[in-house]
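Colleague: Can you read through this structure? Questions will come right after.
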Amino acid sequence: MLEAKLTQTFIKAFKQLYDRQPDIKHISFQKTRSEFEGDRTIVVFPFSKILQQSAEETAQQIGEAMMQLYTEIVRFNVVKGFLNLTISGKYWVSFLQQALSMPDFGFNQSGKGKRMVIEYSSPNTNKPLHLGHIRNNLLGWSVAAILKANGYEVVKVNLINDRGIHICKSMLAWQKWGGKSPEETAMKGDKLVGEMYVRFDKELKAEIAGLVQQGYSSEEAATRAPLIIQAQEMLRLWEAGDPQTHQLWATMNGWVYEGFNQTYAKMGVDFDKLYYESETYLLGKEIVEEGLKNGALFQKTDGSIWCDLSAEGLDEKLLLRADGTSVYMTQDLGTAKLRMSEYQADKMIYVVGNEQNYHFEVLSRILKKIGYQWADTIEHLSYGMVELPEGKMKSREGTVVDADELMDEMILTAKEMTTELGKLDNLTEEEADKLFTTIGLGALKYFILKVDPRKNMLFNPDESIDFNGNTGPFIQYTHARIRSLLRKATHVEEDQLPGTDITNTEFLPDKERNLIRLVYSFPQWVQQAAESRSPALIANYMYELAKEFNQFYQSVPILREENISLRLLRLDISRIVASILKKSAELLGIEMPEQM
RNA sequence: GGUCCGGUAGCUCAGCUGGAUAGAGCAGCAGCCUUCUAAGCUGCGGGUCACAGGUUCGAAUCCUGUCCGGAUCGCCA
C-alpha cells in the first residue's frame, strides 16, 4: 500500500537525516489538496518544532531524502510546512491495471470468520410502512451488504411485532365497522388494517369526548371508554389463547404480511430470518427469574420485579409487572438470548431509531448485570428521525408519508422525466418500466442513504426529490453513459492488443490522475463504511467519483483519442469507474441502468 | 430538571482520528449540444462554521461554559 510505503520511507529518511526516530503519531499522509501539485502530503510542523528548524527547511530536507529512497516519488514541493509528494504516473497506471484484474476490487476479508446478526424493519402489524420504515429498511439492508463486502457473514433478521393492544384495536374496529377482506375492498391488506386502526382511534376519541361532556375528567374518560375496555378484553382473550380471537388475529396479520411483502419486494429488501413477537414475547421471564435468584434484580412488595441501575447513573427499570406479565424490555432480553443461542453472533446489531437510545443502553446493562457477558455484542445502530417541514410524522394526524405511495410517486416522476427527455428510443415497454423503477427508486434510496444515519433528516413532500445534482439518477446517468461508451469501444479495441501499453505513461494528465486516485481510495471507503456502519460514506464517495468522471468525460476525447495508449488508458479508467459505481450502488441497493 | 444527540451558504447536506484560502447540490444569474448520452459541463454571486472562553505552531474539528432545537427519563412499543 502506498501509505505504508510512504510512512516507511519517511521514517528511514528521518533517521538518515537527523539520526533519531520520528514520532509515529505525527506521520500521516493525506491527500494533497487540488490547488497544489502532488498526490500525498505530510505536515512537517510537529517535526520542525522538535528539530528546532524552520518547517520549510525540514520539509525540503525530508522531501529530498524520501525521493532518493523511494523511486515512485518523482517530484515534491514545499508550501509552508506542507510537503507535497508526487507519485509517478506509472505507479498509478499499474495500480489501475491491477485493480481491473481483480473482480472483487474494493472488497476485503477483514470480517472473515465473524458473524453479524442485524435486525431491521421491525414493523408493527397494525399499520402500513411509512417513510421512517423506509430509512430503517434501507439502512439495515445496506449496512448488511456493506458488512458482507468486508467479509463478514451476515444474518438479516426482522422482528415483527404481531401482537399487543394496537393489533387488538384494529381487530376490534374491523369487527365493528369493517368486515370486508382486502379482496372485497380492493385494498392492500396492510392498508386495510391500518385504516381500521385509524378508525378505532377516531371512534375512541369520540367516546372519550362524550364521557368528558358527561363530566368525567379526560384521564378517567380515557380509561372508562367502552372501546378501550373492549380492546383490552380482546388482548386478554388473545393471551388466554381464545380460538376465535386467534383466528381473527391470524387472518388480519396474514393480510398485513401480504401487504408488507409487496412493499419489501418493491423496496428490494429481504431477510434471512423472521421472528414474531407472538412467539418470543414470553421468553424474557426466565432471564428475569434467573436475575432475581442471583441477586441482580429485586422484587418490590407488590411483586413486581426491577433492575436497579441507579449506581450507573440510570434509573430503576421494571421488568415484570406485579401480575407477572412482561414488558417490552423483558421481551428484548428474551429475544436477545434466543438470537445469541441460535447464531453465536460476534455482534448483534439493532437498527432502531434514536428515540430508543435509552432502551438499548438499559438493555445491555441489564443483561450484563444478570451475568451475560455477550451483552457487549449488542450494538444499537441508532439513526435519526425523518422529519417533515412541520416536524415529526404523526400517524394519528395523517401526516405520515406512506412507503408505497412514495415509491410509486418516485417511479412516476422518473417516467415523466425520462419521457420528457426523450430517452426511450429503442426500449420495449417492459424495459422502459423497469428503467423507471430503477431510476425512481435510485433517487429515493440515494436521497435517504446519503445522509449520515445518526442525523435527523428532512423530507419535504412538496418538493419532489431531485434528479439533478447530487442524486441517484445523476450517478446512474454517469454509469449509463460509460456503459454506452464501452459498448461502442469494443470494435475500437478489437484491433488493439490486450492490455494497455503502460510503458509510455510516465506522463499522466490531471483528470486521469484524479480518477485513478479516487479509484485507489475505494477500498478504504468500503472498509470505513463497515466500521462506522454508514452507507452515507459510500454514497458520498460515489458522487465524488461520478462528478469527477463527468468532468473528465466532458473535457477529453476517449474513443476519439488518437494516441492509442492514451485512448486505452482512458477506456480502462472508464471501465473501472463504471464497475465501481455499480459495486457501490449494489451496497446501497441501487440498480445501475445500462442506458438512460 | 437529569442524560444523550445536534446547530456549517436562502434551503438540503459533506467536511469533525486537529492542518493550507471551509466544500457540494438545489434555488438565482451567465455561457456550452454539426464530435463518445446536455439527467451533463463551465463560470458568477452567496459563510461571524450558534455564542464566549481555553488547549495548540495551527480549531468547523478537541475541552469548558452559555444559548437554541430534538430525543429520552412510562407497569407504551
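The values are calculated or read from the model by the stated rules, or taken from the named source; none is laboratory data. For clarity, every value in this text was computed on a predicted model and none was experimentally measured. Cβ placement follows ideal geometry from the backbone for every residue including glycine, while neighbour counts extend to all protein chains displayed. Calculation scope for accessible area: heavy atoms of the full protein, side chains included, ligands and nucleic acids excluded. Shrake-Rupley method; radii C 1.70, N 1.55, O 1.52, S 1.80 Å.
Colleague: Looking at A:Ile349, is it outside any loop (DSSP other than H, G, I, E, B), among the hydrophobic types (A, V, I, L, M, F, W, C) and under 21 Å from A:Asn137 (Cα atoms)? Spell out the reasoning first.
Modeller: On the way: outside any loop (DSSP other than H, G, I, E, B): yes; among the hydrophobic types (A, V, I, L, M, F, W, C): yes; under 21 Å from A:Asn137 (Cα atoms): yes.
Judged against the criteria, A:Ile349 is a match.
Colleague: Now, a different point. Go through the stretch A:255-312 and report how many residues are of a type in the set (Asp, Glu) and farther than 19 Å from A:Met340 by Cβ.
Modeller: Initial filter on the stretch A:255-312 (of a type in the set (Asp, Glu)): A:258, A:270, A:272, A:277, A:279, A:286, A:289-290, A:302, A:308, A:312.
Now restrict to residues that are farther than 19 Å from A:Met340 by Cβ: A:258, A:270, A:302, A:308, A:312.
So the answer is 5.
Colleague: Another question, then. Which one of these is open to solvent by 80 Å² or more (accessible area, probe 1.4 Å), assigned to a helix (DSSP H, G or I) and not β-branched (Val, Ile, Thr): A:Glu183, A:Glu207, A:Glu203?
Modeller: Values: A:Glu207 fails: open to solvent by 80 Å² or more (accessible area, probe 1.4 Å); A:Glu203 fails: open to solvent by 80 Å² or more (accessible area, probe 1.4 Å).
So the residue among A:Glu183, A:Glu207, A:Glu203 that is open to solvent by 80 Å² or more (accessible area, probe 1.4 Å), assigned to a helix (DSSP H, G or I) and not β-branched (Val, Ile, Thr) is A:Glu183.
Colleague: Condition test on A:Val154, is it of a type in the set (Val, Ile, Thr), in contact (Cβ under 8 Å) with a residue 24 or more places away in the chain and within 30 Å of A:Glu57 (Cβ to Cβ)?
Modeller: Values: of a type in the set (Val, Ile, Thr): yes; in contact (Cβ under 8 Å) with a residue 24 or more places away in the chain: yes; within 30 Å of A:Glu57 (Cβ to Cβ): no.
So A:Val154 fails the test.
Colleague: Working only within the stretch A:149-175, note down all residues that are surrounded by fewer than 24 Cβ atoms within 10 Å (Cβ to Cβ), of a type in the set (S, T, N, Q) and assigned to a helix (DSSP H, G or I).
Modeller: A:Gln175
Colleague: Enumerate the pairs (first residue in the stretch A:267-284 and on the phi > 0 side of the Ramachandran plot and at pLDDT 95 or above; second residue anywhere and open to solvent by less than 60 Å² (accessible area, probe 1.4 Å) and not hydrophobic (A, V, I, L, M, F, W, C)) with beta-carbon separation below 7 Å, excluding pairs fewer than 6 apart on the same chain, so at least 6 apart or on different chains.
Modeller: A:Gly268/A:Gly589
Colleague: Given the residues A:Phe436, A:Phe467, which is the only one that is of a type in the set (Phe, Trp, Tyr) and not in a helix (DSSP H, G or I)? Break it down into steps so the answer makes sense when it comes.
Modeller: Numbers: A:Phe436 fails: not in a helix (DSSP H, G or I).
After applying the criteria, what remains is A:Phe467.
Colleague: Kindly provide the set of residues from the stretch A:280-304 that are within 14 Å of RNA strand B (Cβ to nearest atom), surrounded by 14 or more Cβ atoms within 10 Å (Cβ to Cβ) and charged (D, E, K, R), ordered by number.
Modeller: A:Lys285
Colleague: Considering only the stretch A:305-324, state which residues are closer than 30 Å to A:His246 by Cβ and either open to solvent by 70 Å² or more (accessible area, probe 1.4 Å) or among the charged types (D, E, K, R) (or both). Walk me through how you get there before you give the answer.
Modeller: Of the residues in the stretch A:305-324, the ones closer than 30 Å to A:His246 by Cβ are A:305, A:318-324.
Result: A:Arg321, A:Asp323.
Colleague: I've got another one for you. Looking at the stretch A:83-122 only, could you name the residues that are of a type outside the set (Ser, Thr, Tyr), touching an Asp or Glu at 6+ places or on another chain (Cβ under 9 Å) and not in a strand (DSSP E or B)?
Modeller: If the condition is that a residue be of a type outside the set (Ser, Thr, Tyr), touching an Asp or Glu at 6+ places or on another chain (Cβ under 9 Å) and not in a strand (DSSP E or B), then A:Gly89, A:Lys90, A:Trp92, A:Val93, A:Leu96, A:Gln97, A:Leu100, A:Gly111, A:Lys112, A:Gly113, A:Lys114 are the ones that fit.
Colleague: I would also like to ask the following. Could you go through the stretch A:329-351 and let me know if any residue there is open to solvent by 70 Å² or more (accessible area, probe 1.4 Å), within 13 Å of RNA strand B (Cβ to nearest atom) and either in contact with a Gly (Cβ under 6 Å, 6 or more places away or on another chain) or under 24 Å from A:Ser534 (Cα atoms) (or both).
Modeller: Among the residues of the stretch A:329-351, not one is open to solvent by 70 Å² or more (accessible area, probe 1.4 Å), within 13 Å of RNA strand B (Cβ to nearest atom) and either in contact with a Gly (Cβ under 6 Å, 6 or more places away or on another chain) or under 24 Å from A:Ser534 (Cα atoms) (or both), which makes the answer no.
Colleague: For the stretch A:546-589, enumerate the residues that are among the polar types (S, T, N, Q), closer than 13 Å to A:Thr478 by Cα and within 14 Å of RNA strand B (Cβ to nearest atom).
Modeller: Going through the stretch A:546-589, the residues among the polar types (S, T, N, Q) turn out to be A:550-551, A:554-555, A:563, A:565, A:574, A:579, A:584.
Among the residues that remain, those that are also closer than 13 Å to A:Thr478 by Cα are: A:550-551, A:554, A:574, A:579.
Scanning the stretch A:546-589 gives A:Asn550, A:Gln551, A:Gln554, A:Ser574.
Colleague: Suppose we filter the stretch A:40-56 for residues that are open to solvent by 90 Å² or more (accessible area, probe 1.4 Å) and either more than 8 Å from RNA strand B (Cβ to nearest atom) or closer than 17 Å to A:Pro509 by Cα (or both); how many remain?
Modeller: Start the filter on the stretch A:40-56 by keeping residues that are open to solvent by 90 Å² or more (accessible area, probe 1.4 Å), which leaves A:45, A:49, A:52, A:56.
Narrowing further to those that are either more than 8 Å from RNA strand B (Cβ to nearest atom) or closer than 17 Å to A:Pro509 by Cα (or both): A:52, A:56.
Count: 2.
Colleague: (1) open to solvent by less than 60 Å² (accessible area, probe 1.4 Å); (2) within 24 Å of A:Gly295 (Cβ to Cβ): which one isn't true of A:Leu406, the others all being true?
Modeller: (2)
Colleague: A further question follows. Working only within the stretch A:360-395, note down all residues that are more than 16 Å from RNA strand B (Cβ to nearest atom) and open to solvent by 30 Å² or more (accessible area, probe 1.4 Å).
Modeller: A:Lys368, A:Lys369, A:Gly371, A:Gln373, A:Trp374, A:Asp376
Colleague: Would you check which residues across the stretch A:96-119 are in contact (Cβ under 8 Å) with a residue 60 or more places away in the chain and closer than 18 Å to A:Asp346 by Cβ and list them?
Modeller: Restricting attention to the stretch A:96-119, the residues satisfying the condition of being in contact (Cβ under 8 Å) with a residue 60 or more places away in the chain are A:96-97, A:99-100, A:105-108, A:110-111, A:114-119.
Listed by number, the residues that qualify are A:Asn108, A:Ser110, A:Gly111, A:Lys114, A:Arg115, A:Met116, A:Val117, A:Ile118, A:Glu119.
Colleague: A follow-up question, please. Against the condition at pLDDT 95 or above and in the same structural domain as A:Leu227 (by TED's automatic domain parsing), how does A:Lys202 come out, does it pass? Reasoning before the result, please.
Modeller: On the way: at pLDDT 95 or above: no; in the same structural domain as A:Leu227 (by TED's automatic domain parsing): yes.
No: the conditions fail for A:Lys202.
Colleague: Does A:Glu37 satisfy the condition of being open to solvent by 40 Å² or more (accessible area, probe 1.4 Å), in contact (Cβ under 8 Å) with a residue 40 or more places away in the chain, of a type outside the set (A, V, I, L, M, F, W, C) and closer than 25 Å to A:Leu96 by Cβ? Even if it seems obvious, please write down each step before you answer.
Modeller: On the way: open to solvent by 40 Å² or more (accessible area, probe 1.4 Å): yes; in contact (Cβ under 8 Å) with a residue 40 or more places away in the chain: yes; of a type outside the set (A, V, I, L, M, F, W, C): yes; closer than 25 Å to A:Leu96 by Cβ: yes.
So A:Glu37 passes the test.
Colleague: Give the stretch A:418-471 a look and list any residue that's open to solvent by 40 Å² or more (accessible area, probe 1.4 Å), among the small types (Gly, Ala, Ser) and more than 9 Å from RNA strand B (Cβ to nearest atom), or say none.
Modeller: Listed by number, the list holds a single entry, A:Ser464.
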